[in-house]
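Have a look at the structure below before the remarks.
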Amino acid sequence: MPKAPGNPSPSPTLRSLLKRHTAAAHAALQASPLVGRLLAADLTWPEYRDLLGRYYGFLEPLGQRWHDHPAGPPWAAFVNPALRLEELRRDLQAAGADLNALPLADAAWMQTEPPFMVGVIYVLLGSTLGGKLIARSLAQSLDLTTDRGCAYFAASNAAGSWRRFLEELELYPWSEADLTLLQTAALDTFTQLHRWYE
């Protein structure tokens with residue numbers, strides 16, 4: 001049926017473009033053994049400590065990279081809610097982990113151009129949505145709370161950040177080259193996460 005004149009289809013949002021571009025990689029990460037164990041009813045404290053260590057090993061080097069190459073406004077405000085390293089350190093300490101003994105990933109893959117950094121933030125900050133599901137599962141399997149071992153996944157301090165980030169994402173005057181780099185960064189982040197977790 002032809003479209004009615006004067007009623008063009010709305011342009012897809014940047015969020016929807018990024019979501020479509022990364023759908024397969026996102027699904028692969030969700031189906032990974034690491035995520036599966038975090039949601040398992042028989043998860044143990046030692047296993048949880050090791051899994052948290054994998055998250056830390058990936059995120060800590062990214063935090064250092066952002067420290068060396070700060071994200072400009074308005075994106076700098078979303079770096080800490082995306083990484084949640086302070087919360088992750090508290091959870092690891094509650095689990096009895098030695099932070100200095102944890103293996104760290106190589107973060108050289110994260111380019112320092114602003115659009116690439118924003119693509120990385122898109123993935124990490126978006127993970128707070130799935131993190132809440134994990135937090136509910138951990139409350140059942142290990143009796144964890146935000147104050148006891150589950151601050152990272154509960155992401156209480158990141159409340160509202162995802163919505164504000166998406167608003168900025170749509171309003172920002174991206175060039176075509178920027179959009180390509182954004183999509184590349186988001187896909188690369190999922191790929192690097194999956195490789196590290198595996």
Filtering the stretch 155-195 down to residues that are open to solvent by 50 Å² or more (accessible area, probe 1.4 Å), more than 21 Å from Arg20 (Cα to Cα) and either in a helix (DSSP H, G or I) or touching a Leu at 6+ places or on another chain (Cβ under 6 Å) (or both) yields Ser156, Asn157
If a residue has to be open to solvent by 40 Å² or more (accessible area, probe 1.4 Å) and of a type in the set (Ser, Thr, Tyr) to count, how many in the stretch 134-154 make the cut? 2
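Residue by residue, here is whether (1) open to solvent by 20 Å² or more (accessible area, probe 1.4 Å); (2) at pLDDT 95 or above; (3) part of a loop (DSSP other than H, G, I, E, B) holds:
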{"residue": "Ala4", "(1), (2), (3)": "yes, no, yes"}
{"residue": "Pro10", "(1), (2), (3)": "yes, no, yes"}
{"residue": "Ala28", "(1), (2), (3)": "yes, no, no"}
{"residue": "Leu62", "(1), (2), (3)": "no, yes, no"}
{"residue": "Trp66", "(1), (2), (3)": "no, yes, no"}
{"residue": "Pro70", "(1), (2), (3)": "yes, no, yes"}
Quick one: what pairs do we get from the stretch 10-39, first residue under 15 Å from Trp196 (Cα atoms), second assigned to a loop (DSSP other than H, G, I, E, B), C-beta under 7 Å, 6+ apart or different chains? Ser32/Glu198
Here are some residues: Asp143, Asp178, Asp147. Which one is on the phi < 0 side of the Ramachandran plot and free of Cβ contacts under 8 Å to residues at least 12 places away in the same chain? Asp147
Give me the residue from the stretch 119-141 that is among the hydrophobic types (A, V, I, L, M, F, W, C) and in contact with a Leu (Cβ under 6 Å, 6 or more places away or on another chain) and, out of that set, farthest from Glu47 (Cα to Cα). Ile134
The correct count of residues that are assigned to a loop (DSSP other than H, G, I, E, B) and without any contact (Cβ under 8 Å) to a residue 12 or more places away in the chain in the stretch 72-87 is 1
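Conditions (1) open to solvent by 10 Å² or more (accessible area, probe 1.4 Å); (2) more than 19 Å from His194 (Cα to Cα); (3) part of a loop (DSSP other than H, G, I, E, B), marked per residue:
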position: Arg89; (1), (2), (3): yes, yes, no
position: Gln93; (1), (2), (3): yes, yes, no
position: Gly96; (1), (2), (3): yes, yes, yes
position: Asp106; (1), (2), (3): yes, no, yes
position: Gln111; (1), (2), (3): yes, no, yes
position: Met117; (1), (2), (3): no, no, no
position: Leu125; (1), (2), (3): no, no, no
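The values are calculated or read from the model by the stated rules, or taken from the named source; none is laboratory data. Everything quoted here is computed from the prediction, not taken from an experiment. All Cβ positions, even for glycine, are placed from backbone atoms using ideal geometry, and neighbour counts span all protein chains on display. Areas reflect the complete protein model, heavy atoms only, side chains present, ligands, DNA and RNA absent. Shrake-Rupley method; radii C 1.70, N 1.55, O 1.52, S 1.80 Å.
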